Amino acid sequence: MLTIDLNSQELIEKAERDGVETMYDRKVAMKAQCGFGLQGVCCRICAAGPCRITPKTPLGLCGADEHVIVGRNFARMVAAGTAAHSDHARGIVHTMAIASRDGNYTIKDEAKLKNLAKEWGVETEDRDIYDIAHEVADIALMEFGKPHGTLKFLSHAPYQRQDLWKKHNIEPRSIDREIVTIMHSTHMGCTADIDSLINLSLRTSLADGWGGSMIGTIFSDILFGTPTVRQSEANLGVLEDNKVNIILHGHEPSLSEMIVLASEDPELVALAKEVGAEGINLAGMCCTGNEVTMRHGVRTAGDFHQQELAIITGAVEAMIVDVQCIFPALAKVSECYHTKFITTSPKAKISGSTYIEFNEETALDDAKKIVKEAILNFKNRDREKVHIPQLKSSTTVGFSEQAIIGQLDRVVNSQIDQTGTVKPLVDCLKSGVLRGVVGVVGCNNARSVSNKAHVTIMKELIKNDILVVTTGCGASAAGKFGLLNKEAKSMASKGLATVCELVDIPPVIHLGSCVDCSRILSVVSEVAKYLDMDMCDIPVAGVAPEWMSEKAVAIGTYVVGSGIDTYLGIMPPIGGSSKTVEILTQTLQDSVGATFKVNENPEELAQMIINDIEKKRVHFEELV
Ligand code: NFS
Ligand code: SF4
């Protein structure tokens with residue numbers, strides 16, 4: 001089986017009939033993958049190589065052994081992932097730097113901005129909110145390259161965690177600097193010590209979690225609004241037969257927010273009617289999809305593995321993308337249909353696409369131009385080629401950390417007695433009604449059956465009184481399979497079902513895009529601080545059942561570095577170095593209080609998590 005998603009299965013068959021190649025065909029054609037690559041023991045860092053480690057050639061030409069090679073490769077994955085999240089964040093901060101009262105971008109969450117301004121010592125009394133915003137943005141931009149000190153948001157962690165980072169010299173300084181340091185340290189002839197390579201990786205990844213990603217989340221909330229609870233739907237069945245279908249795919253909300261605005265423009269809506277459509281239907285994909293469903297309830301078309309399939313429905317007028325997780329294959333697939341594949345970012349030009357550059361300065365005009373392209377393309381839709389699969393599930397989305405706290409507060413405490421703190425969540429964990437909270441996040445991976453591990457693991461966890469929070473393509477999977485629906489409490493065990501009933505939440509909670517994994521750090525950190533514990537003492541865990549991207553490696557590493565055990569359903573390319581495996585799966589327990597655990601069987605992985613959460617509870621209950 002290739003995927004457990006029935007819509008996807010239908011469209012894979014349609015692709016065959018239409019003679020269109022998809023990732024699933026290439027997966028079959030690829031057959032065996034390179035063993036050296038899988039083990040991480042191929043070094044291409046200098047042109048004397050590639051050097052591959054075998055029993056007969058245990059050292060590269062420079063004498064680097066398997067540990068050095070695997071460690072350097074791993075560190076570079078962390079650096080690339082951190083770069084992607086953080087450059088996204090930088091874009092958002094630059095956008096805030098040009099925000100103005102009468103411009104395209106305004107400030108939507110003034111309270112959050114003022115809180116941050118106060119935290120950073122920016123004067124707020126009697127000042128125009130936009131002056132505050134610009135000063136705060138300038139300070140945030142310095143976080144990327146400031147010459148002195150360490151990252152400001154480290155102070156959001158419990159002091160115990162901060163001390164531990166200091167002790168192990170893994171406090172990130174500035175974001176770009178950590179990435180540069182890794183690129184330098186892994187250059188030919190630099191770091192050749194596996195402990196040091198892992199330490200550098202930890203420090204850089206923490207610059208993602210408590211730096212780039214956290215800035216991305218907080219600044220997006222300030223600019224575009226902190227998400228609030230709302231209803232939506234997920235899966236390809238959200239495409240509509242009689243409307244102009246536009247898919248928003250990629251990552252940065254600065255583009256997608258403007259497309260949402262443009263799609264409501266009366267002139268463009270009228271134009272859509274003129275060309276014979278009933279209106280404009282936006283649908284999201286990958287993390288952009290998560291951003292717009294969280295803030296606007298825009299329906300989710302699908303996840304990473306459905307990007308080609310969406311076009312294969314024959315009903316998509318435009319696939320609009322910016323950066324990250326975009327298959328170059330979309331250019332070719334869209335040629336087989338009328339779909340316009342529109343790239344917008346100088347950071348991700350793709351040959352064969354229609355390139356319409358998106359600039360923050362001219363944002364709304366650019367967005368209107370793009371939407372107009374889509375509308376004018378409606379007439380080219382070939383009815384013969386259209387097949388929209390029917391399945392979709394209703395979802396409840398929009399759980400920012402504030403929304404979760406608010407929701408819990410509303411019910412657990414009386415109206416007068418609302419705490420605005422994590423106390424209700426802490427109480428549920430203390431009493432054991434909830435055994436723990438687990439973040440199930442990340443991608444789809446062609447090495448496994450699409451969605452199977454996500455759905456299997458989420459279902460197992462909620463059957464064992466574990467509340468699941470989710471982001472990224474994990475959230476899309478949860479949405480498609482009905483787990484973001486409040487009715488899914490019927491799949492949960494008694495304790496969790498009771499909490500869901502009382503608090504009026506689904507058993508799996510959508511926290512947003514992958515940069516919003518920083519929301520998980522924030523909630524766990526608040527719980528720990530409330531209890532005066534370190535983050536490693538709380539019965540929580542992270543899982544990436546189907547991860548594939550370098551960004552996911554960065555996330556997994558900062559989650560471990562933050563003291564939260566991380567379970568992987570796909571083995572990272574480290575198997576060729578026994579020392580790397582030992583450090584990541586055992587030794588880190590002694591230094592950062594958490595490790596990676598890997599099992600490619602989803603049922604077994606779920607069981608491991610459940611058992612470990614129970615073990616964690618023993619220690620937790622002693623402490624509380
Ligand atoms: Ni996350 Fe978002 Fe999906 Fe994986 Fe890609 S969309 S940033 S990397 S594939 S979860
Ligand atoms: Fe080979 Fe060393 Fe060059 Fe890597 S750095 S390619 S192991 S010579």
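Taken together, the values in this text are just the output of simple stated rules run on the coordinates, not laboratory data. Model, not experiment: these values are computed from the prediction. Because the Cβ atoms are built from the backbone with ideal geometry, glycine has one as well, and the counts that use them run over all protein chains shown.
Worth a mention:
- Pairs of Cα atoms farther than 47 Å apart, the chain, %: 11
- Fraction of C-alpha pairs exceeding 23 angstrom in segment 67-164: 41 percent, rounded to a whole number.
- Taking the square roots of five times each eigenvalue of the Cα gyration tensor of segment 165-298, the equivalent ellipsoid has semi-axes of 44, 15, 13 Å, listed largest first.
- Segment 505-594: translational diffusion in µm²/s, Stokes-Einstein, Kirkwood Rh over Cα pairs, 4 °C, 1.567 mPa s: 92
- Based on the convex hull around the alpha carbon atoms, segment 275-319 presents an average projected area of 3.5 nm².
- Per-q log10 I(q)/I(0), segment 1-68, q = 0.17, 0.19 Å⁻¹ (Debye; single scatterer per alpha-carbon; no solvent): -0.68, -0.74
- The packing ranking, built from the mean of other Cβ atoms within 10 Å per residue, places the peptides 540-549, 171-180, 84-93, 384-393 in the order 540-549, 84-93, 171-180, 384-393, highest first.
- Of the trypsin sites (Lys or Arg not before Pro) found in segment 1-31, those in coil by DSSP whose Cβ has at most 15 other Cβ atoms within 10 Å are LYS31.
- Summary of the geometry: segment 273-293 and segment 588-624, compared by the centres of their Cα atoms, lie 40 Å apart.
- Gap separating the Cα centres of segment 223-247 and segment 382-411, nearest whole Å: 8
- Rg over Rh, two decimals, segment 21-122 (C-alpha only, Kirkwood Rh): 1.27
- Kirkwood-based Rg to Rh ratio, segment 436-530, C-alpha trace: 0.97
- In terms of its Cα atoms, segment 288-379 spans 34, 28, 28 Å along the principal axes, sorted from long to short.
- By average C-beta atoms within 10 angstrom, highest first, the peptides 297-307, 396-406, 338-348, 516-526: 297-307, 516-526, 396-406, 338-348
- Counted charge near CYS287, where neighbours are those whose Cβ lies closer than 11 Å (Asp, Glu -1; Lys, Arg +1): -4
- Formal net charge of residues neighbouring GLU16 (Cβ-Cβ distance under 12 Å; K, R +1; D, E -1): -3
- The residues VAL426, VAL275, VAL469, when put in order of fewest to most other Cβ atoms within 10 Å, stand as VAL275, VAL426, VAL469.
- Dipole of segment 1-83 [Lys/Arg +1, Asp/Glu -1 at C-beta], most positive-end residue of VAL28, ALA47, MET77: ALA47
- Exposure proxy shown here: for MET491, MET458, MET188, the number of other Cβ atoms within 10 Å sets the order, fewest to most, as MET188, MET491, MET458.
- Tail fraction, Cα-Cα pairs, segment 562-620, threshold 13 Å, whole percent: 65
- Per-residue ellipticity at 222 nm, computed for the chain from helices alone with -39500 (n - 2.57) per DSSP H run of at least four residues, works out to -14500 deg cm²/dmol.
- Taking Cα centre as origin and charging only the Cβ of basic (Lys, Arg, +1) and acidic (Asp, Glu, -1) residues, the dipole magnitude of the chain rounds to 1300 debye.
- Full-extension gain in nm, ASP382 to THR54, via 0.36 nm per residue minus C-alpha separation: 112.7 nm
- Diagonalising the gyration tensor over the Cα atoms of segment 448-604 and scaling each eigenvalue by 5 before taking the square root yields semi-axes of 26, 19, 13 Å, largest first.
- The string of couplings for segment 42-56 from the Karplus curve (6.51, -1.76, 1.60, θ = phi - 60°) is 9, 10, 10, 6, 10, 7, 6, x, x, 9, 10, 7, 9, x, 7 Hz, one whole number per residue in order, with x for Gly and Pro.
- In segment 278-431, one over the average inverse separation of all distinct C-alpha pairs is 18.1 Å, which is the Kirkwood hydrodynamic radius.
- Burial ranking of peptide ranges 244-256, 477-489 (average Cβ count within 10 Å, highest at the top): 244-256, 477-489
- Mean separation of Cα contacts under 8 Å (6+ apart) over length of segment 143-216, as relative contact order %: 40
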